[in-house]
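Peer 1: Structure below; questions to follow.
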Amino acid sequence: MKKIVLFLFFITHTIFAQTEMTTTTGVVNFEASVPFYEEVTATNKTVFCSLDLKKGSITTKVKMKEFRFKLSLMEEHFNKKYLETDRHPKANFEGTIEGFNIDIIEKNPKEFTIKGELKIHGKTKKITTKAFLKKVENGLEIISDFKVNTKDFNIQIPEIFSMKVAETVNVKFYFFVK
């Protein structure tokens, strides 16, 4: 009987002492489409996100070669000409969710501000964005979208494609951390 009580105490203590939630299966989408031209969108489902429950700090890592496009030629251009993913294989974000408190997050989405630094293509830029967090079974859902300017990250779009690819890219992400 003593062993069962100790086991239950250990399990309960471990669950309530959790200080970090993570995932490796979030989703990041981006769109750089220009009206009247081919849609320029991609999705990446191989991403990492870590949320520190005490500090409200959030870290994400995205493997750039894992973005999937409708057309393989777009994917090739993205990897070789624009993002040079052999030289810059990951995008990273490190920031803080302002006012984060796990106890105030419920089943209805709650809006927070995230501030941090985004590193893409070897360049780092401070960004601020809104995010919605909500409790879901066994974890938290984090959803946000923000804009990135390619010039801020030294991403050069060849002149021949400059009319077909937007300079401002819309980025959306969804993470389910547990």
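The values are calculated or read from the model by the stated rules, or taken from the named source; none is laboratory data. Source: prediction; values computed, not measured. Here Cβ is always computed from backbone atoms with ideal geometry, including for glycine, and neighbour counts include all displayed protein chains.
Peer 1: Only one residue in VAL148, VAL169 is aliphatic (A, V, I, L, M) and either in contact with a helix residue (DSSP H, G or I) (Cβ under 9 Å, 6 or more places away or on another chain) or in a helix (DSSP H, G or I) (or both), so which one is that?
Peer 2: Only one candidate qualifies: VAL169.
Peer 1: Return the total of residues in region 117-159 being free of Cβ contacts under 8 Å to residues at least 12 places away in the same chain and either polar (S, T, N, Q) or surrounded by 12 or more Cβ atoms within 10 Å (Cβ to Cβ) (or both).
Peer 2: Adding up the residues that qualify gives 1.
Peer 1: Picking from LYS81, LYS54, which residue would you name as being touching a residue at least 12 places away in the same chain (Cβ under 8 Å) and either in contact with a His (Cβ under 8 Å, 6 or more places away or on another chain) or part of a loop (DSSP other than H, G, I, E, B) (or both)?
Peer 2: LYS54
Peer 1: So, one more: Examine region 102-115 for a residue that is within 15 Å of SER50 (Cβ to Cβ), within 15 Å of the chain's Cα centre (by Cα), crowded, with 16+ Cβ neighbours inside 10 Å and in contact (Cβ under 8 Å) with a residue 24 or more places away in the chain, and state whether such a residue exists.
Peer 2: yes
Peer 1: Going residue by residue through region 70-78, is there one that turns out to be aromatic (Phe, Trp, Tyr), farther than 20 Å from ILE58 by Cα and buried (at least 17 other Cβ atoms within 10 Å of the Cβ)?
Peer 2: yes
Peer 1: Next up: Going by the structure shown, is GLU98 surrounded by fewer than 15 Cβ atoms within 10 Å (Cβ to Cβ), over 30 Å from GLU137 (Cβ atoms), in contact (Cβ under 8 Å) with a residue 12 or more places away in the chain and out of contact with any helix residue (DSSP H, G or I) (no Cβ under 6 Å at 6 or more places or on another chain)?
Peer 2: no
Peer 1: Testing GLU76 on (1) of a type outside the set (Lys, Arg); (2) closer than 23 Å to ASN44 by Cα; (3) in contact (Cβ under 8 Å) with a residue 24 or more places away in the chain, one condition comes back false. Which one is that?
Peer 2: (3)
Peer 1: Yes or no: VAL171 in contact with a Ser or Thr (Cβ under 9 Å, 6 or more places away or on another chain), farther than 16 Å from MET21 by Cα and at pLDDT below 95?
Peer 2: no
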